[in-house]
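Here's the structure, in structure tokens; my notes come after.
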Number of protein chains: 4
Amino acid sequence: MAHRYDFASDNVAPAMPEALQALIAANEGFAAGYGADHVSRRAADLIRALVDSDAEVRFVPSGTAANALTLATLASPHEAVICHEHSHVATDETGAPGFFGSGLGLIRLGGGSGRLDLAPVVAAANAPDTAHHQSPAALSLTNTTEYGALYRETDVGALAAAAKAQGLRLHLDGARLANATAAGFDPKRLAPLGFDIAVIGATKAGATPSEAIVLFDRQLARRFDARMKHAGQLVSKGRFLAAPWIGLLETGAWTARAAHANAMATKLAAAMPFRVLHPVESNGVFVEMDEPTLKRLHAAGWFVYRFIDGSVRFMCSWATTDAAVEEVAAALKALA
Amino acid sequence: MAHRYDFASDNVAPAMPEALQALIAANEGFAAGYGADHVSRRAADLIRALVDSDAEVRFVPSGTAANALTLATLASPHEAVICHEHSHVATDETGAPGFFGSGLGLIRLGGGSGRLDLAPVVAAANAPDTAHHQSPAALSLTNTTEYGALYRETDVGALAAAAKAQGLRLHLDGARLANATAAGFDPKRLAPLGFDIAVIGATKAGATPSEAIVLFDRQLARRFDARMKHAGQLVSKGRFLAAPWIGLLETGAWTARAAHANAMATKLAAAMPFRVLHPVESNGVFVEMDEPTLKRLHAAGWFVYRFIDGSVRFMCSWATTDAAVEEVAAALKALA
Amino acid sequence: MAHRYDFASDNVAPAMPEALQALIAANEGFAAGYGADHVSRRAADLIRALVDSDAEVRFVPSGTAANALTLATLASPHEAVICHEHSHVATDETGAPGFFGSGLGLIRLGGGSGRLDLAPVVAAANAPDTAHHQSPAALSLTNTTEYGALYRETDVGALAAAAKAQGLRLHLDGARLANATAAGFDPKRLAPLGFDIAVIGATKAGATPSEAIVLFDRQLARRFDARMKHAGQLVSKGRFLAAPWIGLLETGAWTARAAHANAMATKLAAAMPFRVLHPVESNGVFVEMDEPTLKRLHAAGWFVYRFIDGSVRFMCSWATTDAAVEEVAAALKALA
Amino acid sequence: MAHRYDFASDNVAPAMPEALQALIAANEGFAAGYGADHVSRRAADLIRALVDSDAEVRFVPSGTAANALTLATLASPHEAVICHEHSHVATDETGAPGFFGSGLGLIRLGGGSGRLDLAPVVAAANAPDTAHHQSPAALSLTNTTEYGALYRETDVGALAAAAKAQGLRLHLDGARLANATAAGFDPKRLAPLGFDIAVIGATKAGATPSEAIVLFDRQLARRFDARMKHAGQLVSKGRFLAAPWIGLLETGAWTARAAHANAMATKLAAAMPFRVLHPVESNGVFVEMDEPTLKRLHAAGWFVYRFIDGSVRFMCSWATTDAAVEEVAAALKALA
């Protein structure tokens, strides 16, 4: 029996029509390569409008690469980046930050549902600077978090202030910033909050592979294309990375369809017969489930993952239907 | 006046209909991520058929990354790769092989029209192994070359034999292998010739961004997905990198449209009023042109590049039309 | 008031007379560079005798570099090394393994007093191999550990067997192997136990800066000098790194003086008025001490460090005298 | 028959008495580790006096490492360093700059006897900045050069001005700065000339292994110890790297004995029966010699190297005696 992957991740979904249509529209005529084309310019303008900032914008095909490349831009090899111990950069990138950053370190801190607590961040930011450890040069936040939790502006503000007070740079892993935006976080606040770089996701939001690198600190844009090329991240036919953004942002689908994904998670949580372990603030539902039950769920045809904290994760996306939620809820009820 | 980019490169062309239709067809339903999907499997099967080998196949969005990652797979950081001094890996990748290979060296050798001469390769492969230099671990060939020249099977065979005799690994930069195939090189000969890894291009052949990494030596596939992820090259929605290959290979368009591109170059060369500096064996025409003339060509609206050897390069692609060749030929005649 | 550093570390001691005399003796006439000299050959022979193995031997000036370089020899960048969470490679090398290994990962596991427990090592060695994590390629043990504890041969044997059963390579950080040897571990057992590489320390044992890299797997010696040179570890006047080993090993001082250091720690532990937190099996004594007391100890002129686990560390060396032990014990009694 | 290495290199010589005596003197009592000791402070003061600048000073055991680490401090991985095509960093470091700099590039330019010509440096410094190449971030000069030639202050000034005009950083490989100083170059001019970092050699000047890293731009000293530790270059018993400098500089031997080495080369050049190919401005004599003659010289017991440009190199050192010069000259006459 083939598995249904609907809830396995938000990257198992196809591209939404808006993205695909924009991609088809971009496939007209000849265009300069390496991001110097009209499609890339227009998409960058739309992202600048989204974040209300005259930032430099680039597009890459992988979120892992976008994170790792930008962390390496903000911290030297002998320095470290403060991040959540369960963040994507710490747990799900196969050491990519260390590769892009030539041994760059991560300082992994705790906090509920993937949100960093303030106290350990303050402590790490203020720790004595010795030659025997990699001292922090940046703080990376993920919004929404790996557990679907939302950082609200005030949460971010406190962490950002603690980081900036010690001269740290500020990095956003916004692979699911669309879901955060739909849940109430305003991307226009990123620049005033002091972010130096944000990675903003289109892939999980429903595009073909594309993530935007937003350089709020325009000084960092110097030779950034060369940095991308050197790191294997400058795609020649750049218009195809930029195009889906036009579909997502011009139509409002980036936020609207994230709102749908979030709503599907809320619906699933409401019907969930297992204990929900993290606040359902965006598009994921994490539940307590023992191994035999998970095996039976797999046997029933629904593929989902056991996550880092031991919970079982159900992710919704733009493509999740009410019917699918009802079907999986029924399957879960049969197992509970 | 807007420039026409038709002849600036073969990566300024849009994607061919076969590629786009396959991409649209792949956008159905949910699919496992990171290359474990049905689209990727089918595309890999098609590539195995193309090269007549039970090789492992992966897809990445950038040829520079594909080259750099695979060179780093074949040579250790304290070793070097023998390549042509004008090869893409040596001149057009912003040092990416050194980045992916942690300081991996390149031994840059000469030869006409981008084809390596045998004698210097033999000499480099047999040079004394000292601790003060990066000794060669691999030989990288590019077919067709940066100058549009074709390595024939016998050329490759002699170079491959010299490399293999010294225990070197064999790497193909096949960004334009479609053009080489259309010009008479049989991809089924790669495995018997001893290639360990080939990078085979779809991007310049007329796809959305995608290059195939073909691991003829299946031992190299161990943990290769982790290697890709670590290096920021494992795209989550992998089906969109694999899909265009289905369109290109199932229809025969990969070769057929490369044959068209080659024919357009032949047609342009025939009409070319400037001295042609390299044999026109595939889709490029390289001519002698002084700087004032090039400026006037640009002023006339045609954007083309001055290449590494000082020649001016005209590249044809699947999308080059007879009309465009005639137009640019007329513009050139007016300048000559 | 100047601090006394006697107990701050075993690297604050001067070089023992045997080391210095050998260094002076080596300073005769001209000698080939880069380790190809007669002094290096003789020292390597002595190390081969010490470990009873026809291993390849090299000398480097830093233990951090020796560890990082050899871990990078045993694991690829997208792989990881299993180590103790408090091991030197994990906590005291400023990320050097990640630098030498281009983002190489560490899998940090627990165990009392710096000794790895078997169960988590077995679990890590047998964990599923996925592309999203750095899977283990090697196991690194430290003998004696950061807390002065000794791995006995049977302890090592069980861990080594678990590692080898899963195809992992085996690495020894033997910065204090002299102390382990004096405490009963036989270096001749390293090869039969399956170690691929051992780093054996002279610096902390009482030499001028020098650590030996012992390649039990002679295959790894291929182009190893080039690997060292590439990584900035091939010193031109190599005889000065090799020479102290002749003094240490020909006279038996490497073990005999480590036995003295161990005895001084035993003596200090016996007189220690604070609670001793780790078994005193070699040359360190780790005690419970609150911050005000530590400050008073510093104020009394004795500089010692608070260690990773919160204990306060007193290290003895070849140069520690009975009188110094009695003096510091008296100072401690005055504070207790 | 054993070879005589007297003229093979200036690193085959033993350490001079002044260096060894200082090293012995430094071996007193306990001292803080990692360069925080009194010996390191005193040696750093002497170097600050030598260069007449309040620079930060560090000591490392290898010139290759010192160069590679400091180039990586001045240029990012996607950038390049302009250097002479025959410079040590380009030809004799097994790619170490690329390793320390994570793929850092070198722009190799020409010029007689290892001295960079001004015109190509100006051209490289002013070349258009594109994403497809590694654009220059620094200029590295070597004084004296690999061919024993001297850059005079005016030579350096012109090159430095060209570099600084384009915002490039300035790096000195001063492995043989002692010989340059003895030949008339004043180290006190380094800071006014705009050098950001200089590597100043003691090893070839006649010490045990030690090179000084001089950070004229003190901003670069931030976290530099961590950078060294991360790169395996922070030796724990740092006093033994610093000590020889005290012997070399307090006695004036660094310059005086370099003057002797230079004089020995002048004497050898005067007696040389083969054509001298480079100006004898310091301690090396490079001559035209065919392969059979070189083999006969080797057979006569004198080991010397054929150098990069095909010449045969005779290096003199502090330890070269008049008698040895006369002996080798006689041997050469017998072959000529």
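The values are calculated or read from the model by the stated rules, or taken from the named source; none is laboratory data. Source: prediction; values computed, not measured. Cβ placement follows ideal geometry from the backbone for every residue including glycine, while neighbour counts extend to all protein chains displayed. Just the protein is used for accessible areas: all its heavy atoms, side chains included, with ligands, DNA and RNA removed. Shrake-Rupley method; radii C 1.70, N 1.55, O 1.52, S 1.80 Å.
Tell me which residues, restricted to region D:1-23, are among the charged types (D, E, K, R) and either touching a strand residue (DSSP E or B) at 6+ places or on another chain (Cβ under 6 Å) or at pLDDT below 95 (or both).
Correct list: D:4, D:6, D:10.
Any idea how many residues of region D:270-312 are within 15 Å of residue D:3 (Cβ to Cβ) and open to solvent by less than 50 Å² (accessible area, probe 1.4 Å)?
So the count comes out to 8.
Can you pull out the residues in region B:132-146 that are within 14 Å of chain D (Cβ to nearest Cβ), under 19 Å from residue B:71 (Cα atoms) and part of a loop (DSSP other than H, G, I, E, B)?
B:133, B:134, B:146
Do any residues in region D:67-78 that are touching a residue at least 60 places away in the same chain (Cβ under 8 Å) have Cβ atoms under 6 Å from those of residues that are of a type in the set (Asp, Glu), where the two are at least six apart or on different chains, and which pairs are they?
Qualifying pairs under 6 Å: D:67/D:173.
Taking residue C:209 as meeting all but one of (1) over 26 Å from residue D:66 (Cβ atoms); (2) buried (at least 24 other Cβ atoms within 10 Å of the Cβ), write down the number of the exception.
All conditions are met except number (1).
With the requirement that a residue be at pLDDT below 95 and over 26 Å from residue D:16 (Cβ atoms), what does region D:301-336 give you?
Scanning region D:301-336 gives D:308, D:335, D:336.
Criterion first (crowded, with 22+ Cβ neighbours inside 10 Å and either of a type in the set (Phe, Trp, Tyr) or touching a helix residue (DSSP H, G or I) at 6+ places or on another chain (Cβ under 8 Å) (or both)) does residue A:242 satisfy it?
For residue A:242, the condition - crowded, with 22+ Cβ neighbours inside 10 Å and either of a type in the set (Phe, Trp, Tyr) or touching a helix residue (DSSP H, G or I) at 6+ places or on another chain (Cβ under 8 Å) (or both) - is met.
This table checks each residue for (1) farther than 30 Å from residue D:244 by Cβ; (2) of a type in the set (S, T, N, Q); (3) more than 13 Å from chain D (Cβ to nearest Cβ).
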position: C:28; (1), (2), (3): no, no, no
position: C:44; (1), (2), (3): no, no, yes
position: C:54; (1), (2), (3): yes, no, yes
position: C:64; (1), (2), (3): no, yes, no
position: C:74; (1), (2), (3): yes, no, yes
position: C:78; (1), (2), (3): yes, no, yes
position: C:88; (1), (2), (3): no, no, no
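Report, by residue number, each residue of region B:90-107 that is facing another protein chain (nearest Cβ under 10 Å), open to solvent by 10 Å² or more (accessible area, probe 1.4 Å) and in contact with a strand residue (DSSP E or B) (Cβ under 6 Å, 6 or more places away or on another chain).
Selection gives B:95, B:106.
Hey, among C:69, C:50, which residue is open to solvent by 10 Å² or more (accessible area, probe 1.4 Å), within 22 Å of residue C:240 (Cβ to Cβ) and touching a helix residue (DSSP H, G or I) at 6+ places or on another chain (Cβ under 6 Å)?
C:50
Among residues belonging to region A:1-23 that are surrounded by fewer than 21 Cβ atoms within 10 Å (Cβ to Cβ) and either of a type in the set (Lys, Arg) or in a helix (DSSP H, G or I) (or both), point out the one that is nearest to the other protein chains (Cβ to nearest Cβ).
Looking at the filtered set, the residue picked out is A:4.
Looking at region D:108-126 only, could you name the residues that are more than 21 Å from residue D:150 (Cα to Cα) and open to solvent by less than 40 Å² (accessible area, probe 1.4 Å)?
D:124, D:125, listed by residue number.
For the list (1) farther than 28 Å from residue A:99 by Cβ; (2) open to solvent by 10 Å² or more (accessible area, probe 1.4 Å); (3) modelled with pLDDT of 95 or more; (4) of a type in the set (Ser, Thr, Tyr), I need the number of the one condition that residue B:142 fails.
(1)
Looking only at region B:142-152, decide whether some residue is under 23 Å from residue B:284 (Cβ atoms) and hydrophobic (A, V, I, L, M, F, W, C).
The answer is yes; a qualifying residue exists.
Can you give me the number of residues within region B:313-333 that are surrounded by fewer than 18 Cβ atoms within 10 Å (Cβ to Cβ) and within 18 Å of residue B:206 (Cα to Cα)?
The number of residues fulfilling the criteria is 2.
Run residue D:129 past the list (1) within 30 Å of residue D:238 (Cβ to Cβ); (2) surrounded by fewer than 24 Cβ atoms within 10 Å (Cβ to Cβ); (3) within 13 Å of another protein chain (Cβ to nearest Cβ) and report the number of the one that doesn't hold.
For residue D:129, the failing item is (1).
Considering only residues that are part of a helix (DSSP H, G or I) and not polar (S, T, N, Q), which ones fall in region B:285-303?
Listed by number, the residues that qualify are B:291, B:292, B:294, B:295, B:296, B:297, B:298, B:299.
Please work out which residue is least open to solvent (accessible area, probe 1.4 Å), limiting yourself to region A:161-176 and to residues that are among the small types (Gly, Ala, Ser) and over 15 Å from residue A:109 (Cα atoms).
A:174
Quick check on residue D:115: is it within 11 Å of chain B (Cβ to nearest Cβ) and in contact with an Asp or Glu (Cβ under 8 Å, 6 or more places away or on another chain)?
No.
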